[in-house]
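Step one of this worksheet: look at the structure below.
The values are calculated or read from the model by the stated rules, or taken from the named source; none is laboratory data. Here the structure is a predicted model, which is why all the values come from computation and not from measurement. Every residue, glycine as well, gets a Cβ built from its backbone with ideal geometry; the counts of neighbours run over all protein chains shown. Accessible surface is based on the protein model in full, side chains and every heavy atom, while ligands, DNA and RNA are left aside. Shrake-Rupley method; radii C 1.70, N 1.55, O 1.52, S 1.80 Å.
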Amino acid sequence: MIDTGLAGKVVLITGANRGIGAATARAFAAQQAAVFFTSLGEPTAAIVSKQIEQMGGRVASSEADLRDPAIIPQLFDRAEHIFGPVQILVNNAAASDNDTFRPLEPNAHDRIDRPLYTITSDSHDLHFAVNSRAVALLMAEFARRHIARNAEWGRIINLSTDGAHCFPQEVSYGASKAALEAYSRSAAAELGRYGIGVNIVSPGPTQTGWITPAFETQLVQSIPFGRVGQPEDIADAIVFLASQQANWITGQLIRVNGGALI
């Protein structure tokens, strides 16, 4: 049996009240890590906490609007107060609306059953505030505390998307994730000397409630494994990158997509 080395580690996961984040929280708890996660005013956070407690895991959560930079040091303070220093940071929380460069009527729809809007300053700022700025500030806070306590081991895993290089109809989401990837590579280059590994997980089409049956039928035609992803598929890759089996992996982007993008 493989020992991931995660027992007793403290992990901070953003946006873990549902979907990939929730699956990741459960996966770390299964490895006996203490889990502190954030949500944004959603009752599902209590469900995730209860699931982990029923597993015998240690868990705590906090509401956090990551558009507010002031909340970031507070999250680390709360996690440290309950469990001790954060050793693993998983940046999963994301803002995701559909915007485009095309002029459209309000509430137009296109390839998926969600409203599609022409890009505005508000849609741009929302995506970049949560998906790139908050990630950068969370990494900086993690590194500051890690270095201050002379720690020798740490892990950061950031969630991107297979559409980061080009994402028509989700242009701000894709661009903000491309910025996240650039931040991650720079962090890996700068923080490796302190024992901090920084990697990116890039999920392909993953069923977190947004993929309609019709759209799923369309998607699977281009996926070699013949199915869309499940949150647990992504969580497994995140846990691997935090584990001791990934001790010499940093600055890498791991695509978890069933072969949808090769």
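Observations on the model:
- Filtered residue count, segment 226-246, keeping only those that are open to solvent by less than 60 Å² (accessible area, probe 1.4 Å) and either of a type in the set (D, E, K, R) or under 25 Å from VAL11 (Cα atoms) (or both): 12
- Subset tally (residues that are open to solvent by 60 Å² or more (accessible area, probe 1.4 Å) and in contact (Cβ under 8 Å) with a residue 12 or more places away in the chain) for segment 57-68: 3
- Of all the listed residues (ILE249, ILE254, ILE223), the sole one being of a type outside the set (Asp, Glu), in contact (Cβ under 8 Å) with a residue 12 or more places away in the chain, out of contact with any helix residue (DSSP H, G or I) (no Cβ under 6 Å at 6 or more places or on another chain) and open to solvent by 50 Å² or more (accessible area, probe 1.4 Å) is ILE249.
- Here segment 178-219 is the region considered, the condition is being aromatic (Phe, Trp, Tyr) and farther than 18 Å from ILE234 by Cα, and the residue that is least open to solvent (accessible area, probe 1.4 Å) is PHE215.
- Evaluation of ILE47 against (1) closer than 21 Å to ALA242 by Cβ; (2) at pLDDT 95 or above; (3) of a type in the set (Val, Ile, Thr) (one fails), failing number: (1)
- Filtered residue count, segment 73-118, keeping only those that are modelled with pLDDT of 95 or more, outside any strand (DSSP E or B) and open to solvent by less than 70 Å² (accessible area, probe 1.4 Å): 14
- Candidates in segment 20-53 are the residues that are over 19 Å from HIS81 (Cβ atoms) and polar (S, T, N, Q); of these, the one that is surrounded by the fewest Cβ atoms within 10 Å (Cβ to Cβ) is THR44.
- Restricting segment 5-14 to residues that are part of a loop (DSSP other than H, G, I, E, B) and open to solvent by less than 20 Å² (accessible area, probe 1.4 Å), the residue that is nearest to PRO231 (Cα to Cα): THR14
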